[in-house]
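Engineer: Let me give you the structure first, and then I'll get to my questions.
The values are calculated or read from the model by the stated rules, or taken from the named source; none is laboratory data. Just so we're clear, the structure is a prediction, and the values are computed from it rather than from any experiment. Cβ placement follows ideal geometry from the backbone for every residue including glycine, while neighbour counts extend to all protein chains displayed. Side chains are part of the model used for accessible areas, which takes the heavy atoms of the whole protein and leaves out ligands, DNA and RNA. Shrake-Rupley method; radii C 1.70, N 1.55, O 1.52, S 1.80 Å.
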Amino acid sequence: MKIDLRPYQAAAFDQAREAVRQGKRRILIVAPTGGGKTVIASALMEMVKNKGNRANFVVDRLSLINQTSETFFRYGLEHGVIQSDHPNYRPSMGLQVCSIQTLSRRGWPAADVDVFDEAHVLYAAHKARMESQDTIVCGLTATPFTKGLGKWFDAVINVTTTRKLIDDGWLSPYRVFSCVEPDMSGVSVTKKGEWDDKESTKKALEVVGDVVAEYIKFGENRKFICSGVTIAHCEELKRQFLAAGINAEMYTAGDRPEDREETVLEFRKPNSAIRGLITVTAASRGFDIPDVSCVIMARPLRKSLAEHVQLLGRGLRIAEGKKDCIVLCHSGNM
């Protein structure tokens, strides 16, 4: 194998192979954000390719298409991309990086193995594919908390823990500052058990000034990601950061894909002119910029543990010169 795996990644890889040998067809690999799930997946894809078989790596966000493709190319894994009119569309290739939205419209390419990224979010197309049992499915997730997820997988591999990765130097330690947070008294709750967005936004807007002030006081001018309740809340956060002389940009579902891509390309630079990104959920899953060393939680969550863990993970990756991650919690989530 050309791909060099860390010891815990190699152990997960071997466990996945053993599960297949035992007749398991739907395997969920659980590893913390920053634990290298895409690297494990790359090793699986390499093994499939070396056996002369075909495999699909399936993502649910357009931002992950190019990110995954770049990882595969870095490991020498030639592949095609199935997503709209992507320039790397090469359907004859044995390895494919696929958008689940495109697959739901076009159908699935022939394969022996499917790897589902962010497998705690299963679309109808995922489920139909699993029900067909045409392939071996490996799901990847850091947050296997979705209700009913256990119905779809017949084996679970718990790779390691966040604490172990921090202790071994594979993730950054973090320091939490419990800051001013909105009073959620009287806010109604949706049927899913989460705070109502409209009412929660009103409450969160009351402490926007504190979010900016606390970043100036404790954030050490670090590159940051900040969560908001809604796009309107994010817009006000951006306005006040800019008013304080801190260059922050929006990264939400309301932005045009080409604008988001341009923003990420700039934000990824070590000397980026953008100090922080403000998002609702667009940057909470699969968003990999290791030198982010400050996470601002300005979105109160009542039950969404997965969303909380995913956002925290955006700041835990290691990078050159990075000593830790500062978490400024204006939500009560920590």
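Engineer: Of F218, F57, which has the most accessible area and how do the rest follow, probe 1.4 Å?
Structural biologist: Result of the area sort, largest leading: F218, F57.
Engineer: Test of understanding: what is the full-extension gain from R17 to E206, defined as 0.36 nm times their sequence separation minus their Cα-Cα distance?
Structural biologist: Additional length available on full extension: 62.8 nm.
Engineer: Can I ask one more? Quick one: compute the contact order of the chain, relative version, from alpha carbon pairs under 8 angstrom and 6+ residues apart, as a percent.
Structural biologist: 19
Engineer: What does the C-alpha gyration tensor say about the overall shape of segment 70-164? Classify as rounded when a/c is under 1.5, otherwise prolate if a/b is larger than b/c, or oblate.
Structural biologist: Oblate shape, in that a/c is at least 1.5 and b/c is the bigger or equal ratio.
Engineer: Where Lys and Arg each count +1 and Asp and Glu each count -1, what net charge lies around L237 among other residues with Cβ under 13 Å from its Cβ?
Structural biologist: So the surrounding residues net to -2.
Engineer: Going by the alpha-carbon gyration tensor, a ≥ b ≥ c the square roots of its eigenvalues, is segment 1-140 rounded (a/c under 1.5) or, if a/c is not under 1.5, prolate (a/b greater than b/c) versus oblate?
Structural biologist: Rounded.
Engineer: Something else about it: Starting from the residue with the highest accessible area, list W108, W152, W170 in decreasing order, probe 1.4 Å.
Structural biologist: So the residues, ranked largest to smallest area, are W170, W108, W152.
Engineer: Towards the positive end of the charge dipole of the chain, with charges on Cβ (+1 Lys, Arg; -1 Asp, Glu), say which of A204, I29, A253 has the farthest Cα.
Structural biologist: I29
Engineer: Another one. Could you work out how far the C-alpha centroid of segment 75-117 sits from that of segment 1-20, in angstrom?
Structural biologist: Centre-to-centre (Cα) distance: 23 Å.
Engineer: Helix-only mean residue ellipticity at 222 nm, the chain, DSSP H runs n ≥ 4 weighted -39,500 (n - 2.57), per residue, nearest 500. What is it?
Structural biologist: Per the formula, -10500 deg cm²/dmol.
Engineer: Taking K and R as +1 and D and E as -1, what net charge do the other residues with C-beta under 15 Å from the C-beta of C98 add up to?
Structural biologist: So the surrounding residues net to -1.
Engineer: Around E181, what is the net charge, scoring Lys/Arg as +1 and Asp/Glu as -1 over all other residues with Cβ under 12 Å from its Cβ?
Structural biologist: Net charge around E181: -2.
Engineer: Sort out for me the Cα centre separation of segment 178-193 from segment 35-61, rounded to whole Å.
Structural biologist: Cα centroid to Cα centroid, the span is 40 Å.
Engineer: Using Cα positions and a limit of under 16 Å, work out the lysines in reach of K269, with same-chain residues fewer than 8 apart set aside.
Structural biologist: K223, K322
Engineer: Can you give me the Cα centroid spacing of segment 141-171 and segment 297-322 in angstrom?
Structural biologist: 15
Engineer: Pairing the Cα long axis of helix 208-218 with the longest principal axis of the chain, what angle in degrees results, from 0 to 90 and rounded to the nearest 10?
Structural biologist: 80
Engineer: By DSSP, what percent of the beta bridges with both residues in the chain are antiparallel, rounded to the nearest 5?
Structural biologist: So the antiparallel bridges amount to about 5 percent of the total.
Engineer: For segment 167-215, which trypsin sites (Lys or Arg not before Pro) are in a loop by DSSP, counting at most 10 other Cβ atoms within 10 Å?
Structural biologist: Taking segment 167-215 and a limit of 10 other Cβ atoms within 10 Å, the loop trypsin sites (Lys or Arg not before Pro) found are K191, K192.
Engineer: A further question on this structure: Going by a ≥ b ≥ c, the root eigenvalues of the Cα gyration tensor, does segment 237-328 fall in the rounded group (a/c under 1.5), the prolate group (a/b larger than b/c) or the oblate group?
Structural biologist: Since a/c stays below 1.5, the shape of segment 237-328 is classed as rounded.
Engineer: Compute the long axis of helix 62-74 from its Cα atoms, compare it with the longest principal axis of the Cα atoms of the chain, and write down the angle in degrees, 0 to 90, nearest 10.
Structural biologist: With rounding to tens, the tilt is 60 degrees.
Engineer: Using a probe of 1.4 angstrom, how much of the accessible area of the chain is carbon and sulfur, in percent?
Structural biologist: Result for the chain: 50 percent of the exposed heavy-atom area is carbon or sulfur.
Engineer: Leaving out ligands and nucleic acids, and using a 1.4 Å probe, what accessible area per residue does the chain come to in Å²?
Structural biologist: 46
Engineer: In degrees from 0 to 90, rounded to the nearest 10, what is the angle of the helix 257-267 Cα long axis to the longest principal axis of the chain?
Structural biologist: 70
Engineer: Cα convex hull of the chain: mean projected area in nm², to one decimal?
Structural biologist: 16.8
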